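Enquirer: Just passing along the structure, written as structure tokens.
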Amino acid sequence: MNAVRYVKKAKKGNKEALLQLILAEKDDYYRLALTYMGNSHDAMDAMEDMIVRLYENIGQLKKEEAFYSWSRTILANSCKALLRKRQKLVLLDDAAMNSKLTEDLALALPNDPYRHSDQQMDIRQMLLHLNEQQQEAIQLKYWHDLDYQTIADMMGVPVGTVKSRIFQGLKKMRELYGGEADG
């Protein structure tokens, strides 16, 4: 699919072209939303919000080739807004929420070769010891295979901050696991 051509059509009001762009990456969008939201229902709500925002704001997109990076940023922002709204309604224990998040992620990533291994369980447990920004950066980098610039755009921070969060988070995980920190 020629994404740039579809983006140009979508910018002219072609809903079908926008739908095709979204459907082409629907699984990646879902996994990203699930990473943030922790459950399927909320992930789908975030995706619906993203679709509405894409439709309303596609005309503001300057570079057609940046559509997928831009749309992921909108999805991440939709997830964060829904999470803030949810936190106002219900106070949740962070550890329980993070535990549920990693359980849902394990279910959402059936092709993960380490899913059932002790090593994967250790990694999920170690993630619970990191701050939210480190967890988010590491998950976006290694679970969603996003580049540093895309992660920086999604998190609203400079690329150097993303690299630092990942480095510091991995360092802490190595220390917890007993491995070499400079490894």
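Enquirer: Could you tell me whether LYS172 is modelled with pLDDT under 90, open to solvent by 70 Å² or more (accessible area, probe 1.4 Å), touching a His at 6+ places or on another chain (Cβ under 9 Å) and not small (Gly, Ala, Ser)?
Expert: Values: modelled with pLDDT under 90: yes; open to solvent by 70 Å² or more (accessible area, probe 1.4 Å): yes; touching a His at 6+ places or on another chain (Cβ under 9 Å): yes; not small (Gly, Ala, Ser): yes.
Answer is yes for this residue.
Enquirer: Which of (1) under 24 Å from SER164 (Cβ atoms); (2) open to solvent by 40 Å² or more (accessible area, probe 1.4 Å); (3) modelled with pLDDT of 75 or more does TYR55 not meet, given it meets every other one?
Expert: Exception for TYR55: condition (1).
Enquirer: Quick check on ALA96: is it under 29 Å from LEU170 (Cα atoms) and modelled with pLDDT of 90 or more? Can you show your working first?
Expert: Details: under 29 Å from LEU170 (Cα atoms): yes; modelled with pLDDT of 90 or more: no.
Here the answer is no, as ALA96 does not meet what is asked.
Enquirer: Please indicate, with yes or no, whether at least one residue in the range 81-90 is modelled with pLDDT under 60 and either farther than 16 Å from ALA33 by Cβ or more than 17 Å from the chain's Cα centre (by Cα) (or both). Working first, answer last.
Expert: Within the range 81-90, the first condition is being modelled with pLDDT under 60, and the residues that meet it are 89-90.
Then keep just the ones that are either farther than 16 Å from ALA33 by Cβ or more than 17 Å from the chain's Cα centre (by Cα) (or both); that gives 89-90.
Yes, the range 81-90 contains at least one residue that is modelled with pLDDT under 60 and either farther than 16 Å from ALA33 by Cβ or more than 17 Å from the chain's Cα centre (by Cα) (or both).
Enquirer: Among residues belonging to the range 58-69 that are closer than 19 Å to LYS26 by Cα and without any contact (Cβ under 8 Å) to a residue 60 or more places away in the chain, point out the one that is farthest from the chain's Cα centre (by Cα).
Expert: Initial filter on the range 58-69 (closer than 19 Å to LYS26 by Cα): 58, 64-69.
Going one step further and asking which of them are without any contact (Cβ under 8 Å) to a residue 60 or more places away in the chain, we end up with 58, 66.
On the way: ILE58: 20, ALA66: 17 Å.
Selected residue: ILE58.
The values are calculated or read from the model by the stated rules, or taken from the named source; none is laboratory data. Treat the numbers as computed from the prediction; the structure is a model and nothing was measured. Here Cβ is always computed from backbone atoms with ideal geometry, including for glycine, and neighbour counts include all displayed protein chains. The accessibility values were calculated without ligands, DNA or RNA, using every heavy atom of the protein model including side chains. Shrake-Rupley method; radii C 1.70, N 1.55, O 1.52, S 1.80 Å.
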